[in-house]
1. Spelling out what I want: for every residue of the stretch 34-50, take phi, set θ = phi - 60°, compute 6.51 cos²θ - 1.76 cosθ + 1.60 (Karplus), and round to whole Hz; glycine and proline get x.
2. Please give the contour-minus-distance gain from V40 to M52: 0.36 nm per residue of separation, less the Cα-Cα distance, rounded to one decimal in nm.
3. How far apart, in nm, are two points set 7 Å out from the Cα along the Cα-to-Cβ line at Y59 and at E17?
4. Excluding residues on the same chain fewer than 8 positions from K53, give the aspartates and glutamates whose Cα lies under 20 Å from its Cα.
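Values in this text are rule-based calculations from the coordinates and carry no lab data. All figures in this text were calculated on a predicted structure; none of them were measured in a lab. FYI the Cβ positions are ideal-geometry reconstructions off the backbone, even for glycines, and counts take in every protein chain you see.
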Amino acid sequence: MEIPKNTKLKWDGLLTEEHLTYAGDDVYHLFDLFVALEGVLEKHGVLDWIAMKLFETVYLTLSGRPYAGSLSTLISYSPY
């Protein structure tokens, strides 16, 4: 899946129709991206582990508790 990126679009001002179209195009692809990523994680047997770690990270962040890891730590570590 390729999503063309307009790197010249500036976001420091009022939103234009071009901004809304650009953002809408990104959102349009989110579900397909989710399904593809979920399939890869399931194939490698880490979907449940990633879901648990994501929940843990979000919970700690929202409750104001420090998280002792980093996203790169989560990505590079696998329980299997």
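1. The phi angles translate into 4, 4, 5, 5, 4, x, 5, 5, 5, 4, 8, x, 10, 4, 5, 5, 5 Hz.
2. Working: separation 12, 0.36 × 12 = 4.32 nm, distance 1.64 nm.
Full extension from V40 to M52 adds 2.7 nm.
3. 4.8
4. E38, E42
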